[in-house]
Amino acid sequence: MSEFLQQLLNGLSLGAIYALIALGYTMVYGVLRFINFAHSDVFMVGAFIGYYMGKLVPEGTLWGGLAVLGVAMLGCALLGMTIERLAYRRLRSAPTLNVLITAIGVSLLLEYTGQVFFGAAPRNFPSIFPVRNFQLGGIIVGSNQLIVIAVSVVLMVVLQLIVYRTRIGTAMRAVSLNPKAAVLMGVNNDVVISFTFGLGSALAAAGGILYALNYPSIDPLMGVMPGLKAFVAAILGGIGNIPGAALGGLILGTVETFVSGSQWSTYKDAIAFAILIIILLFRPAGLLGRFTVEKV
Amino acid sequence: MLPAPIRRLLARGAWLLFPLTCGLAADPVAPIRVGQFASLTGKEASFGVAAREGIDLAVGELNARGGVLGRPVEFLVEDIRSQSGESATAVKKLIARDRVVAILGGNASTNSLEAAPICQAAHVPMIAISSTNPKVTAMGTYIFRTCFIDPFQGAVLAKFARESLHVQRLALLTSASASYSVGLSRVLRERFTAAGGEIVAEQKYAEGDKDFRAQLTAIKALHPDAIAATGYYTEAALICLQARALGLDLPIIGGDGWEAPQLLELGGRAVDGTYYSTHYSAESPAPEVRAFIRKFSARHDGRVPDAVAALGYDAMMLLADAIRRAGTTEGPAVRAALAATRDFPGVTGLTTIDAQRNPSKPAIIVKVEGGRVQFVAAVRP
């Protein structure tokens, strides 16, 4: 029983990170209807900003950790907005395929520029938050796992409030529903889309730092696998749907952890992608997504 | 002026003839080219960089003494970026374009297994540096190595765990995508059960994985006395960190894949209380070792070389010795001389090449304590 609870906790803390990254995929898809493959590399840049910032603040303090988190989120928000401005804006009226290919291009650009600047060898991420382990019955809860879950929950609540309780959130939903009608109603689409990229990238940065806290070896290609998993999580929950992305992330993280802890641990990634295929076969719109008929 | 296609054809033809003419009019002081393929970047970079530093030291020394057969030694390196598939490309390039007389490398067994058939087909001797999987030298008669092999290393580790650490229940954590780890785990399992111990868990992961909590939680539930993590140092450091975070305060043992300064950098205090087998100890009083450390430190501002650097140095010296005895750099002659190596005094021990082209030499067990690597025992074959 205690083993089951321990695995559940391990799975939830991994799933919370997938959920944070998946939110960025889903929000961009919501407003622009395309998959921003560069998102997983913004996640990597977030971890590296955290690495360099982590050297400036004293190790193992709560305020230091939160400051690093804040700076990385801000830095990545700017990066995300820059990518949108330089790479995607000109292609807004182009076919989706062009934007998709551009996204892959931006992704590779970030990865290999990262190798030039940061070097390809893995680096040790500093422990920016205080580290302590708690014994709860038979299970051991690490402070980092708690921080991951707490930060993820707070960010998801904040995101929900932004999207449903603010003017910019209303504008985001309007653009998502019908961009042309939104323009006619006086919404500045450029600002809304830029804001969406900023918000999604900030979440990716938070995900990057939380991931690096739990697995403190970072390198420029670290975003590839978590990015793919988060993409699966976004599809699983229903792409374009915010609670769906969170749910998808948690399910994927938990399933992956339970598979890893069993005899079939080598099939971990295969099972994650098998889930994607099965969902697409039986529920093409995802668990919480709504199926819409494309009008011609 | 000739039409462009013909000009291009002529240019290409001339280029093809170039190496041939070079071979015919062999310049007596033309450098002897030796190639290394290694991961200079990526997650196995520590091995490649250390091996290169060792080889570089040996080449410098040989050239200072007037080279080999009166010809200077030229050393070329190709980076395989810790990626599978790159070794084959790198070795083809070294042989076809750079016309090296021998290949040194690789480090990870997976990479050596990729390169070996190409060296064999081209009749270019290859000396693997730290590839301990037995299959490597079985790839062909031109494939040698300068390190001990996993059946020996596994036996040493099993004996040490059983007799010195008094382990009864051992849990195995294997990197399923590394030939090295799979082979070492298999030998360890056989030898450990033969010595009366019990393997209580066998968990697997893939190279590049970062989350081992699930596997470690499953292992913890079976209450082992020790864990054997048979993969490489990046994953080993993360395994130690996560094991300690889960409250697994037991000895963790590993093979020579742990031998890298990054193990201590990434793992920090979590790697305290771990043991691994390796090829040499910097604490050894042997004159070859002391001289090697002195020369290496002088060149790399006081840094102490690790085992892979020592193996790289030995590989180059072994090759130079064979070329000297062969009196030529022709592949078949060098191969025969390498195969006939007897009691060569290497930094990593007295080396004799056996019929399977493997050296027989002792293994060293070290312990990590207080952020330092300490010598525990030397085990002879």
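What are the extents of the Cα atoms of the stretch A:1-83 along their three principal axes, listed from largest to smallest and rounded to whole Å?
The Cα atoms of the stretch A:1-83 stretch 46, 36, 16 Å along their principal axes.
Taking the 0 to 90 degree range and rounding to the nearest ten, how far is the long axis of helix A:96-118 tilted relative to the main principal axis of chain A, both from C-alpha atoms?
40
Which whole-percent values make up P(r) of the stretch B:231-295 when all C-alpha to C-alpha distances are grouped in 5 Å steps starting at zero?
4, 17, 25, 19, 13, 11, 7, 3, 1
By the gyration tensor of its Cα atoms, with a ≥ b ≥ c the square roots of the eigenvalues, what is the shape of the protein assembly as shown: rounded for a/c under 1.5, prolate for a/b over b/c, or oblate?
It comes out oblate by the Cα gyration axes.
Pull up the DSSP beta bridges for chain B and report the antiparallel fraction as a percent, rounded to 5.
35
Any chance you could check the Cα centroid distance between the stretch A:33-70 and the stretch B:320-366 for me, in angstrom?
50
Grab the other residues whose beta carbon is less than 14 angstrom from that of B:A336, score K and R as +1, D and E as -1, and report the net.
Net charge in that neighbourhood comes out at +3.
Treating each Cα of chain B as an identical point scatterer and ignoring solvent, apply the Debye formula and state log10 I(q)/I(0) at q = 0.08, 0.11, 0.13 Å⁻¹.
-0.42, -0.74, -1.00
Net charge around B:H123, counting only other residues with Cβ within less than 10 Å of its Cβ (Lys, Arg = +1; Asp, Glu = -1)?
0
Once you wrap a convex hull around the alpha carbon atoms of the stretch A:15-222, what is its projected area averaged over all directions, in nm²?
Averaging across all directions leaves 12.5 nm² for the Cα convex hull.
Could you please state, rounded to a whole Å, how far the C-alpha centre of the stretch B:139-164 is from the C-alpha centre of the stretch A:175-242?
49
Order these peptides, B:101-110, B:188-197, by their mean beta-carbon neighbour count within 10 angstrom, highest first.
The most tightly packed comes first, giving B:101-110, B:188-197.
If you keep only loop residues by DSSP, which GluC sites (Glu not before Pro) in the stretch B:274-381 have at most 16 other Cβ atoms within 10 Å of their Cβ?
Those that pass, being in a loop and sparsely packed, are B:E283, B:E330.
Each residue of the stretch A:209-226 in turn: what ³J(HN,Hα) in whole Hz from Karplus with 6.51, -1.76, 1.60 and θ = phi - 60°, glycine and Pro shown as x?
Each residue's phi maps through the Karplus curve to give 5, 5, 4, 5, 5, 7, 10, x, 9, 10, 8, x, 9, 5, x, 4, 5, x Hz.
Report Rg(Cα)/(2.2 N^0.38 Å) for the stretch B:60-127, keeping two decimals.
In units of the 2.2 N^0.38 Å rule of thumb, it is 1.19.
What is the helix-to-structure angle for A:167-177, meaning the angle in degrees between its Cα long axis and the longest Cα principal axis of chain A, kept from 0 to 90 and rounded to the nearest 10?
Between the helix axis and the principal axis of chain A, the angle is about 70 degrees.
Note the direction-averaged projected area, equal to a quarter of the hull surface, for the Cα convex hull of the stretch B:150-278, in nm².
That works out to 6.5 nm², a quarter of the Cα hull's surface.
Quick one: Cα centre-to-centre distance for the stretch B:50-65 and the stretch B:70-135, in angstrom?
Each part reduced to its Cα centre gives a spacing of 17 Å.
Could you grab the relative contact order for chain A? Cα pairs under 8 Å, six or more apart, rounded to a whole percent.
Relative contact order here is 36 percent.
Give me the angle, in degrees from 0 to 90, between the Cα long axis of helix A:39-54 and the longest principal axis of the Cα atoms of chain A, rounded to the nearest 10.
Approximately 50 degrees, to the nearest 10.
Per DSSP H run of at least 4 residues, take -39500 (n - 2.57); add these up for chain B, divide by its residues and hand me the 222 nm value, nearest 500 deg cm²/dmol.
After summing the helix terms and dividing by residue count, I get -13500 deg cm²/dmol.
If each DSSP helix of 4+ residues adds -39,500 (n - 2.57) and the sum is divided by the residues in chain A, what number results at 222 nm, nearest 500 deg cm²/dmol?
When only DSSP H runs of four or more count, the value is -23500 deg cm²/dmol.
Note down the net charge around A:A38, summing +1 for each Lys or Arg and -1 for each Asp or Glu among other residues with Cβ under 11 Å from its Cβ.
Net local charge, A:A38 excluded: -3.
GNM on chain B, C-alpha springs below 10 Å: top fluctuator among B:D321, B:D79, B:D211?
Judging by the Gaussian network model, the answer is B:D211.
Give, in nm to one decimal, the length gained when the segment between A:S262 and A:V224 is fully stretched (0.36 nm per residue of separation minus the Cα-Cα distance).
11.2 nm
For chain B, modelled as a GNM with alpha-carbon contacts under 10 angstrom, which of B:A206, B:A322, B:A116 fluctuates the most?
B:A206
Which loop trypsin sites (Lys or Arg not before Pro) in the stretch B:299-342, with loop taken from DSSP, have no more than 12 other Cβ atoms within 10 angstrom of their Cβ?
Sparse-neighbourhood loop trypsin sites (Lys or Arg not before Pro): B:R342.
Bear in mind that the values in this text are calculations on the coordinates, not laboratory data. These figures come from a predicted structure and were not determined experimentally. Reconstructed Cβ throughout: ideal geometry from the backbone, glycine too, with neighbour counts over all protein chains shown.
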